[in-house]
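The values are calculated or read from the model by the stated rules, or taken from the named source; none is laboratory data. Given the structure is predicted, the values throughout are model-derived calculations rather than measurements. Please note: Cβ atoms are built from the backbone with ideal geometry, for glycine as well, and neighbour counts cover all protein chains shown.
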């Protein structure tokens, strides 16, 4: 079994903090930013599909670099890739003579279909976004595994989420203000500055000289797509990537429509909702490792399905009090599920080969989400429909599909609970 390098908590939290801030500046707003520049649901779906395909296709490069180059070089490369995403977006939106996207505001919300040039731009942005995601998320999850003790997955994940929330929400508030004031150039400069400063710090640090993994990891697309076990990993891998993008890109777009297409309002709304998210993790993170995880996990899946049903009921005409309560409930249900699911996932990963298990999930989920969203984008391009209606139908389908998470099992935890 491939082993990993020694714990590097300093690198881990520097990596998390800097990237979370950068994600808040633009990648978080990427779907709604391109939406306001004319990219409909068809183009957004295609962008996500290409991101997934690029992610899966580039994982072998990450595997090669992760055991041949130092951790500091691997992390520095993720900063370069993230800034590249911001530059490519800027190239197609603000550079005179190159800008294929033109601000269209509410007009973009009326249809799911972009023009053909916008589709090609979405493909290019999706490609670079996928490269960045492959290096960032795979490195992050591997580093997180290295921080774990014997029975502290829930606590460690809670600490990790609270830390990420602080930097991410700071980036979202600042990014929303800059986008609302038309300061994309300032946003690009700030992103480059944070990335450069972090890279310089890494270069001068005396830690992180060893590779992230000590030997090559045997995992590829074919192994991932044919992988089976008695834990229900295969169907869970198949759907989880889809749900992660529905939670991030599509739900972020829905929130944007609900707050009347205002970046600053979106940023404030997300930060306020995140307070409940952070409180939940703070209250439960030190207890979840001692709870009856089987019952807790099943309850979390039920609440997660309910969160998608609640999303299905929301429109931009939902009144203020009802809207606020519903958004808080959705945030709580989704956050609770992610805490329970990720505890289970990382517990199973430690039992099933650690980094290899992470890679098998990434290969499988990214290929499937790439094909799913590419197909969805094609369908919406051929048969355009009202965006709000389409999102609601997607959320209803997600509520039905989410029950698949019930099949995911941690056999060791179940056996331990039954023994007690």
Among the residues in segment 231-238, are any over 19 Å from residue 376 (Cβ atoms), modelled with pLDDT under 85 and over 20 Å from the mean Cα position of the chain (by Cα)? no
Using the structure shown, decide if residue 391 is modelled with pLDDT of 95 or more and within 21 Å of residue 48 (Cβ to Cβ). no
Return the pairs, sorted by first residue and then second, in which the second residue is assigned to a helix (DSSP H, G or I) and modelled with pLDDT under 80, the first residue lies in segment 186-213 and is within 22 Å of residue 68 (Cα to Cα), the beta carbons are less than 6 Å apart, and the residues are 6+ apart or on different chains. 198/18; 208/11
Pairs only if they're at least six apart or on different chains, beta carbon under 8 angstrom, first in segment 261-272 and under 16 Å from residue 247 (Cα atoms), second modelled with pLDDT of 70 or more and assigned to a loop (DSSP other than H, G, I, E, B); list them, first residue then second. 266/259; 269/259
Mind telling me which of the residues 375, 400, 359, 396 ends up being within 24 Å of residue 218 (Cα to Cα) and modelled with pLDDT of 85 or more? 359
Could you check segment 36-55 and list, in sequence order, the residues that are assigned to a helix (DSSP H, G or I) and either surrounded by fewer than 24 Cβ atoms within 10 Å (Cβ to Cβ) or at pLDDT below 85 (or both)? 36, 50, 53, 54
Enumerate the pairs (first residue in segment 75-93 and more than 23 Å from residue 65 (Cα to Cα); second residue anywhere and surrounded by fewer than 18 Cβ atoms within 10 Å (Cβ to Cβ) and modelled with pLDDT of 85 or more) with beta-carbon separation below 9 Å, excluding pairs fewer than 6 apart on the same chain, so at least 6 apart or on different chains. 88/124; 91/124; 92/124
Which listed residue is buried (at least 20 other Cβ atoms within 10 Å of the Cβ), in a helix (DSSP H, G or I), over 16 Å from the mean Cα position of the chain (by Cα) and touching a residue at least 24 places away in the same chain (Cβ under 8 Å), from 396, 376, 369, 358: 376
Can you find a residue that is part of a helix (DSSP H, G or I), modelled with pLDDT of 75 or more, surrounded by 17 or more Cβ atoms within 10 Å (Cβ to Cβ) and touching a strand residue (DSSP E or B) at 6+ places or on another chain (Cβ under 8 Å) anywhere in segment 184-194? no
Please count how many residues of segment 305-323 are closer than 20 Å to residue 386 by Cβ and surrounded by 19 or more Cβ atoms within 10 Å (Cβ to Cβ). 3
Only one residue in 329, 302 is in contact with a helix residue (DSSP H, G or I) (Cβ under 7 Å, 6 or more places away or on another chain), free of Cβ contacts under 8 Å to residues at least 40 places away in the same chain, surrounded by fewer than 17 Cβ atoms within 10 Å (Cβ to Cβ) and over 22 Å from residue 387 (Cα atoms). Which one? 329
Go through 167, 136, 177 for me and flag whichever is in contact with a helix residue (DSSP H, G or I) (Cβ under 9 Å, 6 or more places away or on another chain), under 24 Å from residue 37 (Cα atoms), assigned to a helix (DSSP H, G or I) and at pLDDT 70 or above. 177
Please determine whether any residue of segment 309-331 is more than 15 Å from residue 242 (Cβ to Cβ), at pLDDT 85 or above and over 23 Å from the mean Cα position of the chain (by Cα). yes
Among the candidates 215, 261, which residue alone is surrounded by 15 or more Cβ atoms within 10 Å (Cβ to Cβ) and either at positive phi or at pLDDT below 85 (or both)? 261
Is it the case that segment 114-131 has a residue that's modelled with pLDDT under 75, in contact with a helix residue (DSSP H, G or I) (Cβ under 8 Å, 6 or more places away or on another chain) and either crowded, with 20+ Cβ neighbours inside 10 Å or closer than 16 Å to residue 34 by Cβ (or both)? yes
